[in-house]
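Some notes on the structure that comes next.
The values are calculated or read from the model by the stated rules, or taken from the named source; none is laboratory data. All values derive from a computational prediction rather than experimental measurement. Ideal geometry is used to build each Cβ from the backbone, glycine not excepted, and the neighbour counts take in all protein chains shown. Just the protein is used for accessible areas: all its heavy atoms, side chains included, with ligands, DNA and RNA removed. Shrake-Rupley method; radii C 1.70, N 1.55, O 1.52, S 1.80 Å.
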Amino acid sequence: MGPVTTPSPVPAPAAPVSGSQPAHVVIVGGGPGGYEAALVARRLGADVTIVEQAGWGGAAVLTDVVPSKTLIATAEWMTLAERAGDLGIDVAADVTAGTSPQVDLAAVNERVLALAAAQSADIRGRLEREGVRAVAGAARLDGPHTVVVQERGSVTGAEEILPADVVLIATGATPRVLPTAVPDGERILTWTQVYNLRSMPERLIVVGSGVTGAEFAGAYRALGSEVVLVSSRDHVLPGEDADAAALLEEVFTARGMEVMARSRAESAVRTADGVEVTLADGRVVRGSHVLMAVGSVPSTRGIGLEEAGVRLRPSGHIEVDRVSRTSVRGIYAAGDCTGVLPLASVAAMQGRTAMSHALGDAVAPMVLRDVAANIFTAPEIATVGYSEVELIDQGVPYVTTKLPLARNPRAKMLGLRDGFVKLFAHPLSGVVLGGVVVAPQASELVFPITLAVSHRMTVDDIAAAFTVYPSLSGSIAEVARMLHRVDEA
C-alpha cells in the first residue's frame, strides 16, 4: 500500500465531451480499473478502445481475486465441517467409505479456472455490447497522446497506432520474485500458479504472512494440507488490527498450522521430492511445495511511461492524485500500478473517477478512509475507516469497545466462537471513525459500518436502527449502544 501522491497541477478536465467529435479514449489494461473505466467512458459518449495482453478481467479475474476467493470459498466448506460435531452432526459417518470429507484438488482447480474463464468472457461480452472496441494485445505509449498496439497472434508483426485524447494506464502488478527462490510452477509457486496443482500439497510452506500469505495458508490448511507459515515479522498480518491479527494467529495454531514468527526466508530450492527453504538464521524448512507470497511489483516498465513524461515513484508505481491524474495532461492511471491500495474495488473506483474527470462529468475525489477492505481467512477480517494505530499516531481522540462474537445468539446457534466486532468513535460527537469485524462473512457484515464512516454517522445513529433478531449484524448495533455517551448534567 502506498500513499496517494499529488503530481504537479494540470488543467482539468483533460478532454471534455463537447463539440462534434467524441473524445478518443485508449485504455491499457483490461482489469477492474480498465474495464470499469471503459464502460463509464462509453456512457459519457467517448470513442473507447481497451487493450489487454493476458485476458479480459486481468489478473484480478484470471489469476488473483476471482480464483483465490473461489478456492477459499471451497475451503470454507471444510471449515464448516469442523463445527459440525458441535451441532450434533457426524460428518465422518460415511457409510460407504467410513472416512471424513476428502478434497479432489484437481476438480477444485478445474472449477476455479472455469469460473475465472466464465467471468472473463462475461466482461468481454459486456464491453462489446456497450460499444467498446476490445483489442487483445500488448500496448505501449509513444508520447502522451499515442498508443502503439501489437495485436496478439499477429503473424506480420504489424502495429496499430491509436491516437488518444485521454489515456488510462491500468496495467496492474505481478508477484514479486526473489532471485534466490525463482518459481518453477511445480514445487516453487507464486499465487498465480497454484491452480495448476493436481493433488494436495502434503506439506506446504507459505513464505509471507501478509494478506495473500495468510489467505492461502488458511485455505490450504482447511483443505487438508500440512501448512508452515513463515513470517519475518512478530505475528501474522502485521499491518492489520492487532486484536484481529492475534485472534487469527490463535485460530491458525489451533487448527494445526505451524507459524514461524521472526523467520526471514533467504532462499527456496527444489529437492528430489520436495523443497527446502533456508532461513536467514541458517535453519532449513522442508516441505513438498512452497508458495512465495512476498509482495508484488507494478507492471509499469517498458511501456513508454517515463519517455512520455509520466512520473514514477522509486518503487515503479505511477504517481496519481485523488482523481487519478498522472503528471502528464490527459494521462490517467488506476489500479495496482498506482500503489494506492491493492484492491479491485479501489482500482474500479479509480478508473471510473478518472474517466468522469477526464470527460467533464461531475466527480468527487476518492476518499481512502471510506474504503472497506476484507481478508478472506476463516474467520474473515473486515476493516473500514481509521485503524487504531492511525488514530494513535495522528493524535485523534477516540473511544472504542469490542464485543466477542461468541456472545451473539445467532453465532451460538451456528457454533461460532472466534471473532468480534469493534468500533472507534469520537468521544464527544460520537461520530464513527472506523471499525473492525472478525467473523464468517465479515465482508458482508462490515457494510453498515462503511455507511456510517462514509456518511459521518454517530454510534447513536447505528444503535437506533433496527436489526433482525437473531442476527450477526445485531452485534454491530450492540457495540454502538455500548459507546453511547451520556451527557453529564
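What to note about this one:
- Breaking point among (1) at pLDDT 50 or above; (2) under 23 Å from SER296 (Cα atoms); (3) in a loop (DSSP other than H, G, I, E, B), for GLY45: (2)
- Subset tally (residues that are among the small types (Gly, Ala, Ser), within 22 Å of the chain's Cα centre (by Cα) and under 16 Å from ARG369 (Cβ atoms)) for the stretch 415-451: 2
- Applying the condition of being free of Cβ contacts under 8 Å to residues at least 60 places away in the same chain and small (Gly, Ala, Ser) to the stretch 218-244 and asking which residue is surrounded by the fewest Cβ atoms within 10 Å (Cβ to Cβ) yields SER232.
- Scope the stretch 121-166; condition farther than 13 Å from ILE50 by Cα, open to solvent by 40 Å² or more (accessible area, probe 1.4 Å), touching a residue at least 40 places away in the same chain (Cβ under 8 Å) and part of a loop (DSSP other than H, G, I, E, B); matching residues: ASP142, PRO144, HIS145, ARG152, ASP165
- Flag for LEU291 being outside any helix (DSSP H, G or I) and out of contact with any Pro (no Cβ under 9 Å at 6 or more places or on another chain): no
- Within the stretch 94-120, tally of residues that are over 16 Å from VAL65 (Cα atoms), at pLDDT 95 or above and small (Gly, Ala, Ser): 2
- Lone qualifier among THR171, THR180, THR192 - being part of a loop (DSSP other than H, G, I, E, B), out of contact with any Leu (no Cβ under 6 Å at 6 or more places or on another chain) and closer than 30 Å to ASP47 by Cα: THR171
- Scan of the stretch 441-489 for residues that are among the hydrophobic types (A, V, I, L, M, F, W, C), open to solvent by 20 Å² or more (accessible area, probe 1.4 Å) and in contact (Cβ under 8 Å) with a residue 60 or more places away in the chain, ordered by number: LEU445, PHE447, LEU472, MET482, LEU483
- One residue from MET413, MET366, MET355 being touching a residue at least 24 places away in the same chain (Cβ under 8 Å), open to solvent by 60 Å² or more (accessible area, probe 1.4 Å) and not charged (D, E, K, R): MET413
- Remark: pairs (first residue in the stretch 55-76, without any contact (Cβ under 8 Å) to a residue 24 or more places away in the chain; second residue of a type in the set (Phe, Trp, Tyr); Cβ separation under 9 Å; 6+ apart in sequence or on different chains) = ALA73/PHE376.
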